[in-house]
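Enquirer: Sharing a structure with you now.
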Amino acid sequence: MMMLSFSACTKSTDITNYAARPVVEGYLAADNQVRIKVTEEILLGSIDTVAKPIDGLNIIIKSANGMFLLKDQGDGWYESTEMITAGTEYSLSFNYNSKEVTAITQIPFKPIDFTTSTVDITIAPFIPGQGRGGFNFNEAIQLNWRNTDNSYYLTAFVNTDSIQTPINTSGFFFRGRRINLQRPSQLNSDQINYLLFEYYGNYNILLFHVFPEYAALYETSEASSLNLAPPPTNITNGLGIFTGIAVDSLKLYVHQ
């Protein structure tokens with residue numbers, strides 16, 4: 001599972017008297033265990049460029065099914081073997097700098113009727129000086145799913161091979177990404193252009209059912225670095241995001 005990373009920089013008129021807040025990265029996935037990361041906010045004017053992990057917290061997760069304490073794994077990571085249930089509301093709470101940090105989210109249901117127009121595609125190799133012979137730049141895989149309530153969805157694809165075989169060996173326009181995330185939308189379809197695939201082999205095509213707070217965070221991640229306003233957050237007395245997701249997947253094979 002892949003998610004956006006979260007960081008925050010806060011502008012304060014008196015940084016010396018300002019206590020840095022915890023930044024929470026919590027994506028609860030249906031039918032998966034809990035894994036949350038907590039780091040410290042980087043204040044404007046700080047010499048730090050990487051957020052410091054916060055260890056030693058007592059993070060409690062509650063739902064109608066009960067409550068459990070996350071285990072401190074070090075380096076800011078907290079985990080539990082408890083499985084997340086779709087359609088259930090979960091709350092997070094812990095104390096930091098004498099304040100109670102809280103958040104609430106609900107877990108969406110798995111996408112329905114997720115289909116793809118093909119499970120096998122052919123892409124000609126990119127040859128330096130020749131490009132791709134006979135390649136149709138408009139070729140794309142069509143993805144569809146049911147969305148009767150205007151929920152937010154995003155698609156992604158990831159090469160699952162242990163050794164990757166690049167389609168483009170020239171080095172031009174080659175980003176070397178195994179994972180590619182599309183933008184969230186409230187549609188019931190999407191397309192993946194053949195040009196976006198960088199490797200031959202096996203892929204998982206993923207469809208994430210997400211909530212508006214995740215979509216807002218995704219938009220902020222593409223904003224200009226000149227914008228000093230903190231990203232959207234649903235954490236009380238903190239920053240970051242605590243949200244539920246659900247995912248379905250399909251297989252795809254890309255060959256020459």
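The values are calculated or read from the model by the stated rules, or taken from the named source; none is laboratory data. Because the structure is a prediction, the values reported are computed rather than measured. Don't worry about glycine lacking a Cβ; one is built from the backbone with ideal geometry, like all the others, and counts go over all protein chains shown. Keep in mind that these areas ignore ligands, DNA and RNA; they rest on the heavy atoms of the full protein, side chains included. Shrake-Rupley method; radii C 1.70, N 1.55, O 1.52, S 1.80 Å.
Enquirer: I'd like the full set of residues that are under 21 Å from the mean Cα position of the chain (by Cα) and either modelled with pLDDT under 85 or open to solvent by 60 Å² or more (accessible area, probe 1.4 Å) (or both), limited to region 39-52.
Expert: Val50, Lys52, listed by residue number.
Enquirer: Exactly one of (1) at pLDDT below 95; (2) closer than 23 Å to Pro232 by Cβ; (3) surrounded by 16 or more Cβ atoms within 10 Å (Cβ to Cβ) is unmet by Ile123. Its number?
Expert: Condition not satisfied by Ile123: (2).
Enquirer: Does Ser91 satisfy the condition of being touching a residue at least 24 places away in the same chain (Cβ under 8 Å) and open to solvent by 20 Å² or more (accessible area, probe 1.4 Å)?
Expert: Judged against the criteria, Ser91 is a match.
Enquirer: Which of the residues spanning region 56-84 are in a loop (DSSP other than H, G, I, E, B) and surrounded by 15 or more Cβ atoms within 10 Å (Cβ to Cβ)?
Expert: Passing the criteria: Leu57, Ile59, Leu70, Gly76, Ile84.
Enquirer: Taking the residues in region 215-248 that are at pLDDT 95 or above and open to solvent by 60 Å² or more (accessible area, probe 1.4 Å) as candidates, determine which candidate is nearest to the chain's Cα centre (by Cα).
Expert: Thr236
Enquirer: Let me ask something else. Please list, ordered by first then second residue, the pairs with beta carbon atoms under 9 Å, 6 or more apart or interchain, first in region 101-113 and in contact (Cβ under 8 Å) with a residue 40 or more places away in the chain, second open to solvent by 90 Å² or more (accessible area, probe 1.4 Å) and outside any strand (DSSP E or B).
Expert: Cβ pairs passing all conditions: Lys110/Asp31.
Enquirer: Restricting to region 94-120, what's the tally of residues that are of a type outside the set (Lys, Arg) and open to solvent by 30 Å² or more (accessible area, probe 1.4 Å)?
Expert: Matching residues across region 94-120 total 17.
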